[in-house]
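Below you'll find the structure, written out as structure tokens, and then a few comments.
The values are calculated or read from the model by the stated rules, or taken from the named source; none is laboratory data. Note that the coordinates shown come from a computational prediction; the quantities given were computed from them, not determined experimentally. Because the Cβ atoms are built from the backbone with ideal geometry, glycine has one as well, and the counts that use them run over all protein chains shown. With ligands, DNA and RNA removed, areas are computed over all heavy atoms of the protein, side chains included. Shrake-Rupley method; radii C 1.70, N 1.55, O 1.52, S 1.80 Å.
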Amino acid sequence: MMAWLYVISNQRLTRYPLEVVAGQLEGIDFFQLREKELPANELYRLACKLKKVLPPTTKFLINDRVDIALAVQADGVHLGQTSLPVDVARRLLGPGKLVGVSVHDLAEAQRAASAGADYLLFGHVFPTESKKGLPPRGLIALGEVARKVGIPVIALGGITPERVRLCLEAGASGVAVMSGIMAAESPREAVLKFRQALNPE
């Protein structure tokens, strides 16, 4: 299986409108719209724009908001620990949609997997600016979660192209990136670097 590249949005990090960035992301597998501060009407309008410009093979996920995911016919939702339960989100979304969950330890990972999540985001694996002062979970914890749940685990937090191989060797099915692509001068080139690290020739 090809390793996954999962991109998480953050308008505050990018120098371009988000729809311009999204149009440069050829080669990513998942795109999560995660603009928590936006009111529903703005989030809906932004999601509509992104859906038009994202590469056709990219799975488009909405963070937390099942209503917005339904409204724009997204590919699924990504849930946190304080979101709707996995089974409720799945029931609302209907068949064929993806439900992912953010987890931080083995207990959370096992709960999410047994509740029927399709994949997990596990982090933060390395030190990262977005979690200043919080110690990273590390590669050993990532490996334990990847071994003990029967669904794909995607590594998150402080991921650079140079750290990709370490995550895959620990057992991750792919990596999730926010600032490494959102803050890049050329998101297109940043995607290429991550893609090459994930699937070297």
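Brief remarks on what is shown
- Among the residues of region 151-201, those identified as among the small types (Gly, Ala, Ser), farther than 17 Å from residue 10 by Cα and out of contact with any Phe, Trp or Tyr (no Cβ under 9 Å at 6 or more places or on another chain) are 170, 171, 197.
- Matching option when the condition is free of Cβ contacts under 8 Å to residues at least 40 places away in the same chain, of a type in the set (A, V, I, L, M, F, W, C), surrounded by fewer than 18 Cβ atoms within 10 Å (Cβ to Cβ) and more than 22 Å from residue 161 (Cα to Cα), among 46, 84, 61: 84
- Members of region 1-17 that are of a type in the set (Ser, Thr, Tyr), in a loop (DSSP other than H, G, I, E, B) and within 20 Å of residue 120 (Cα to Cα): 9
- Cβ pairs under 7 Å, 6+ apart, first in region 148-169 and within 17 Å of residue 102 (Cβ to Cβ), second open to solvent by 80 Å² or more (accessible area, probe 1.4 Å) and of a type in the set (Lys, Arg): 157/131
- Subset of region 18-33 (residues that are part of a loop (DSSP other than H, G, I, E, B) and in contact (Cβ under 8 Å) with a residue 60 or more places away in the chain): 24, 25, 26, 27, 28, 29
- Test: residue 54 is open to solvent by less than 30 Å² (accessible area, probe 1.4 Å), among the aliphatic types (A, V, I, L, M) and over 17 Å from the mean Cα position of the chain (by Cα): no
- Whenever a residue of region 107-128 is more than 17 Å from residue 93 (Cα to Cα) and in contact (Cβ under 8 Å) with a residue 40 or more places away in the chain, its partners that are in a helix (DSSP H, G or I) and among the hydrophobic types (A, V, I, L, M, F, W, C), lying with C-beta atoms within less than 6 angstrom and at least six residues away or across chains, give the pairs 109/145; 122/142; 122/145; 125/142.
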